[in-house]
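The values are calculated or read from the model by the stated rules, or taken from the named source; none is laboratory data. Fair warning: this is a prediction, and the values are worked out from it, not measured in the lab. Cβ placement follows ideal geometry from the backbone for every residue including glycine, while neighbour counts extend to all protein chains displayed. Please note that ligands, DNA and RNA were not included when accessible areas were found on the heavy atoms of the full protein model with its side chains. Shrake-Rupley method; radii C 1.70, N 1.55, O 1.52, S 1.80 Å.
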Amino acid sequence: MAKDSSLYTSGYRRERRRHALGWILVGIGAAMALLHVITHLGQLHLLSSAGWQDLLLGYPMAFLIAGLGFLCVLTRARPSH
């Protein structure tokens, strides 16, 4: 039985998983920013406190999550020696 019959190396698969995670985080950040806009239009109330809702669904948190996603997507894996 072959140990690994895949054409791709484990490093390539690891990098692809990191890129997928990055794009998921970017999507979550974009969705949070959109929810923040809708919240400020007065159409959505998820939490009883406006302060907590701004903190959890606000632009700073959305940019942080999207920024981490872009960081995952744009960084390259270092080759191991």
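Order the following by accessible area, largest value first: MET61, MET32. Probe radius 1.4 Å; ligands, DNA and RNA are ignored.
Largest to smallest exposure gives the sequence MET61, MET32.
Please list, by residue number, everything in region 15-29 whose backbone N is under 14 Å from a paramagnetic label point 7 Å out along Cα→Cβ of LEU64. The answer is 29, whose backbone nitrogens lie closer than 14 Å to the label point.
Evaluating 6.51 cos²θ - 1.76 cosθ + 1.60 at θ = phi - 60° for every residue in region 26-34, the Karplus couplings come out as 4, x, 5, x, 5, 5, 5, 4, 5 Hz, glycine and proline recorded as x.
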